[in-house]
Amino acid sequence: MRRVYKKADLPVAEIRRFLEPGPIVLVSSRWKNHTNIMTMGWHTVMEFSPSLIGCMITAANHSYEMIRKSGECVINIPTVHLVEEIVGIGNTTGAHLDKFRKFGLTEEEGNIVKAPLIKECYANYECRVADTQLLKGYNFFILEVVSARAAVYPKYPKTVHYRGEGIFMVSGKHINLRKKFKNQNL
Ligand SMILES: Cc1cc2nc3c(=O)[nH]c(=O)nc-3n(C[C@H](O)[C@H](O)[C@H](O)COP(=O)(O)O)c2cc1C
């Protein structure tokens with residue numbers, strides 16, 4: 001049965017709560033001998049081929065300059081078992097802290113980029129910065145995924161999605177409507 005919602009005005013600064021798609025990702029980077037990780041929710045797929053991802057990284061974050069200067073990073077997709085690390089990494093700066101050590105995560109070598117992959121994550125996307133045009137106005141990086149690996153099981157990982165105000169949602173129930181799709185590649 002369709003539901004009729006009773007609604008109230010929503011401050012426009014809060015609309016992100018229902019739009020932030022997640023999954024929450026961990027972005028790892030390397031600049032010279034220093035590695036770092038940040039938590040990120042504001043990302044979007046932009047294109048299939050080349051495989052482009054856009055994301056907003058505040059310039060105040062230590063990761064911003066590391067990614068801008070090195071021109072690369074890794075988008076790591078954690079599952080719910082790493083939720084404490086997700087929060088810890090997103091609430092500390094790597095300016096004077098080794099977050100791999102602090103949060104007990106393992107650096108893994110990538111195929112193409114020098115930034116380390118996080119071994120404990122479900123999937124790892126090696127990225128190169130493809131376009132910096134929107135950095136100045138919006139802190140918006142356009143990344144190209146140049147190599148990727150993902151766990152072979154389970155097929156649908158229990159990813160973590162941010163609801164705002166410290167509340168996370170864990171992906172769960174799936175509904176298969178594949179037969180109704182005209183484009184089977186979507
Ligand atoms: C759930 C969550 C989502 C976040 N999403 C983003 C984001 O999309 N962009 C961003 O710039 N910072 C985001 N942050 C904040 C950074 O992860 C945080 O500022 C972190 O301390 C940056 O680390 P760094 O200074 O070592 O780069 C998020 C934090 C949390 C907890």
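Could you please let me know if residue 101 is under 17 Å from the mean Cα position of the chain (by Cα), outside any loop (DSSP other than H, G, I, E, B) and among the basic types (Lys, Arg)? Outline the logic, then answer.
On the way: under 17 Å from the mean Cα position of the chain (by Cα): no; outside any loop (DSSP other than H, G, I, E, B): yes; among the basic types (Lys, Arg): yes.
So residue 101 does not fit the description; no.
Looking at segment 94-111 only, could you name the residues that are open to solvent by less than 80 Å² (accessible area, probe 1.4 Å) and within 11 Å of the ligand (Cβ to nearest atom)?
94, 95, 97, 98, 99
Would you point out which residue out of 136, 114, 119, 69 is within 15 Å of the ligand (Cβ to nearest atom), open to solvent by 70 Å² or more (accessible area, probe 1.4 Å) and more than 14 Å from the chain's Cα centre (by Cα)? Write out each step before concluding.
On the way: 136 fails: within 15 Å of the ligand (Cβ to nearest atom); 114 fails: within 15 Å of the ligand (Cβ to nearest atom); 119 fails: within 15 Å of the ligand (Cβ to nearest atom).
Sole residue among the options that is within 15 Å of the ligand (Cβ to nearest atom), open to solvent by 70 Å² or more (accessible area, probe 1.4 Å) and more than 14 Å from the chain's Cα centre (by Cα): 69.
Given the condition under 14 Å from the mean Cα position of the chain (by Cα), of a type in the set (Ser, Thr, Tyr) and more than 19 Å from residue 131 (Cβ to Cβ), answer yes or no: does some residue in segment 42-52 qualify?
No, because not a single residue in segment 42-52 is under 14 Å from the mean Cα position of the chain (by Cα), of a type in the set (Ser, Thr, Tyr) and more than 19 Å from residue 131 (Cβ to Cβ).
How about segment 7-61: which of its residues are within 15 Å of the ligand (Cβ to nearest atom), open to solvent by less than 90 Å² (accessible area, probe 1.4 Å) and in a loop (DSSP other than H, G, I, E, B)?
20, 21, 22, 23, 24, 41, 57, 58, 59, 61
Which of the residues that make up segment 72-93 are within 25 Å of residue 171 (Cβ to Cβ) and more than 10 Å from the ligand (Cβ to nearest atom)?
Kept after step one, since they are within 25 Å of residue 171 (Cβ to Cβ), are these residues of segment 72-93: 73-91.
Correct list: 73, 74, 75, 76, 77, 78, 79, 80, 81, 82, 84, 85.
Count, please, the residues in segment 111-157 that happen to be within 20 Å of residue 85 (Cβ to Cβ) and not in a loop (DSSP other than H, G, I, E, B).
Number satisfying all stated conditions: 7.
The values are calculated or read from the model by the stated rules, or taken from the named source; none is laboratory data. Keep in mind the model is a prediction, meaning the values are calculated, not measured. Counting neighbours? That spans all protein chains shown, and the Cβs are built from the backbone with ideal geometry, glycine included. Areas reflect the complete protein model, heavy atoms only, side chains present, ligands, DNA and RNA absent. Shrake-Rupley method; radii C 1.70, N 1.55, O 1.52, S 1.80 Å.
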